[in-house]
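The values are calculated or read from the model by the stated rules, or taken from the named source; none is laboratory data. The shown structure was predicted, so the numbers you read here are calculated from the model rather than taken from an experiment. Because the Cβ atoms are built from the backbone with ideal geometry, glycine has one as well, and the counts that use them run over all protein chains shown.
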Amino acid sequence: MKNSNLLFRWAKIIVLIYSVLGIIFYWFQEKIIFHPVALTDGIPYHFDQPFKEINLDIDDATHFNIISFTVPDTLRKGIVLYFHGNKENVNHYAKFAKNFTNKGWEVWMVDYPKFGKSTGNLTENNLYEEAMQAYKLARVQYPPHQIIIYGKSIGTGIAAQLASVRDCRELILETPYKSMVALARHYTWILPVETMLHFKLRTDQYLTKVTAPITIFHGTKDGLIPLSQAEELKAAFKPQDQFYIIDGGTHHNLNDFPLMQEKLALILAR
């Protein structure tokens, strides 16, 4: 009898812990996934390269802010729509713009709602809507063959979705995931994350609809998004698509490796 009572007590404890974990994950998933730093509108940016701000007012509560890192008209080859990772704002990612501007490509870095000077609800639909608005604005100046869509980390799902519904020259994904569902399941396998997640970001499904060439970069020592997540995306590859594995690369330092710089330069030159 004592053993039965002990087992029952432990069962209640396990159920309680499971329930608490589920509640925390469900209600705080936005804070778990995204780590924005908001900036006061009107405070100027300071970057060590030419830039301008683009502001898109969607409604009274939703305002999208984009930083355009410019190049001289005589050198401009096209535009890179850059969808960054899950932390801070454009200030954190501006250093990567030179990978493209030094090769003659203008770069538009998009801050998501609640990031930087962008406002509005941080929802999956709003992430896709902002990407679409940026693309439509870019199309006023550039044809699809002069538009590269680039995603880094969490931005890879956003970039893939955009490339699945709009034409572009190339889709480049740095440290992508199969889907947010698959990534969450990797960390919280005990929870029914597919039904709990507000953010699905099904990169795997979007890539099957991308007609442009796809290039993926991923490191062997990525401790945040395992290489295996990215490798599953090969199932959607076309014959011309490329997957570059960077030996020793982590989630944060792929740009330090000559292989990535070399292959990226080739993409931008062709």
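Right, L75: at pLDDT below 95 and either buried (at least 21 other Cβ atoms within 10 Å of the Cβ) or more than 24 Å from E30 (Cα to Cα) (or both) or not?
Yes; evaluated as a whole, the condition is true for this residue.
Pairs linking a residue in the range 229-245 that is more than 20 Å from R169 (Cα to Cα) to a residue that is part of a loop (DSSP other than H, G, I, E, B), with Cβ atoms under 6 Å and 6 or more positions apart or on different chains, are Q229/Y177; Q229/K178; A230/P176; E232/K178. Could you tell me which numbered condition Q133 fails, if it satisfies all but one of (1) surrounded by fewer than 24 Cβ atoms within 10 Å (Cβ to Cβ); (2) under 23 Å from A61 (Cα atoms); (3) in contact with a helix residue (DSSP H, G or I) (Cβ under 9 Å, 6 or more places away or on another chain); (4) of a type outside the set (A, V, I, L, M)? Tallying (1) surrounded by fewer than 24 Cβ atoms within 10 Å (Cβ to Cβ); (2) under 23 Å from A61 (Cα atoms); (3) in contact with a helix residue (DSSP H, G or I) (Cβ under 9 Å, 6 or more places away or on another chain); (4) of a type outside the set (A, V, I, L, M), Q133 fails exactly one: (3).
Checking each residue in the range 213-228 for being more than 18 Å from L171 (Cβ to Cβ) and in contact (Cβ under 8 Å) with a residue 24 or more places away in the chain picks out G219, T220, K221, D222, G223, L224, P226. Condition check for A269 on (1) in contact with a helix residue (DSSP H, G or I) (Cβ under 6 Å, 6 or more places away or on another chain); (2) exposed (fewer than 15 other Cβ atoms within 10 Å of the Cβ): one failure, at (1).
Scanning the range 116-159 for residues that are in a loop (DSSP other than H, G, I, E, B), modelled with pLDDT under 95 and within 14 Å of the chain's Cα centre (by Cα) turns up L122, T123. Within the set K103, K178, the sole residue that is within 14 Å of the chain's Cα centre (by Cα), charged (D, E, K, R) and more than 27 Å from A38 (Cα to Cα) turns out to be K178. Set side by side, the residues L171, L162 differ, and just one is crowded, with 23+ Cβ neighbours inside 10 Å, in contact (Cβ under 8 Å) with a residue 60 or more places away in the chain and over 20 Å from E88 (Cβ atoms), which is L162.
From the set of residues in the range 136-153 that are touching a strand residue (DSSP E or B) at 6+ places or on another chain (Cβ under 6 Å) and within 18 Å of H35 (Cβ to Cβ), which is surrounded by the most Cβ atoms within 10 Å (Cβ to Cβ)?
G151
Looking only at residues of the range 192-240 that are assigned to a helix (DSSP H, G or I), touching a helix residue (DSSP H, G or I) at 6+ places or on another chain (Cβ under 7 Å) and at pLDDT below 95, we find that the one that is farthest from E262 (Cα to Cα) is M196.
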